[in-house]
Amino acid sequence: MHFMWKLLVVLFGLAIGIQAEMRKPVTETCLYCICEALNGCNATAVCVNGACGIFRITWDQWVDCGRLTIPGDSPLSDDAFTNCANDPICAADTLQSYMAKFGQDCNDDDQEDCYDYGAIHYMGPWNCKEDRPFYYESTFTRCVRNAVQQEEERQKSN
Ligand SMILES: *[C@@H]1O[C@H](CO)[C@@H](O)[C@H](O)[C@H]1NC(C)=O
């Protein structure tokens, strides 16, 4: 009995450890292109129709990701959501955790990548196959293509 109890404690600790090591599927470039398409990566603290910060994180997204907070905030405090969404690091971690949870192949090209994350963030995981507004989609796609091209040129010149 005593042994079982210890085993349980160890397994529980392991589970927490695994959870704490967050998967980060979204590249820096992809994060940049998402905010570029949303608002030109304007980091001024602001909420537009309930979506806040550089990545226009919504309350639902934030809750789905386990209410990440800036250091010193309680997840249950009134300001925790806006403080996190308006903090580029907390907001980026929220987006990472959102894609770790809801990432999928939206455009049927047999891979899960930045194009899918851009769609999932704007449309939500259940509507990510649907068309995005023209401005968002064209800005985002151009940004990702440019980044890929720049990366290729950089590798050629090395
Ligand atoms: C950033 O957003 C704020 C608030 O909406 C706005 O006042 C400011 O002009 C914007 N800055 C740029 C560089 O667009």
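Name every residue in the stretch 140-158 that is in contact with a Cys (Cβ under 8 Å, 6 or more places away or on another chain) and modelled with pLDDT of 95 or more, in order of residue number. Passing the criteria: Phe140, Cys143, Val144.
Every test in (1) hydroxyl-bearing (Ser, Thr, Tyr); (2) farther than 25 Å from Ala147 by Cβ; (3) assigned to a helix (DSSP H, G or I) is passed by Thr29 save one, and that test is (2). The condition of being hydrophobic (A, V, I, L, M, F, W, C), under 11 Å from the mean Cα position of the chain (by Cα) and surrounded by fewer than 19 Cβ atoms within 10 Å (Cβ to Cβ) holds for only one of Phe102, Phe134, Phe55, that being Phe102. Step by step: first the residues of the stretch 30-63, then only those that are away from the ligand (no atom under 12 Å from the Cβ) and among the polar types (S, T, N, Q), then the one that is nearest to Pro125 (Cα to Cα). Which residue is that? Ranking the qualifying residues of the stretch 30-63, first place goes to Gln61. Under the condition of being in a helix (DSSP H, G or I) and either at pLDDT below 95 or over 24 Å from Glu112 (Cα atoms) (or both), the residues counted in the stretch 40-63 number 1. So Lys129 clears everything in (1) of a type in the set (Lys, Arg); (2) modelled with pLDDT of 95 or more; (3) not in a loop (DSSP other than H, G, I, E, B) except one condition, right? Which one? Lys129 satisfies all of (1) of a type in the set (Lys, Arg); (2) modelled with pLDDT of 95 or more; (3) not in a loop (DSSP other than H, G, I, E, B) except (3).
The values are calculated or read from the model by the stated rules, or taken from the named source; none is laboratory data. Please read all numbers here as calculations on a predicted model, not as lab measurements. Reconstructed Cβ throughout: ideal geometry from the backbone, glycine too, with neighbour counts over all protein chains shown.
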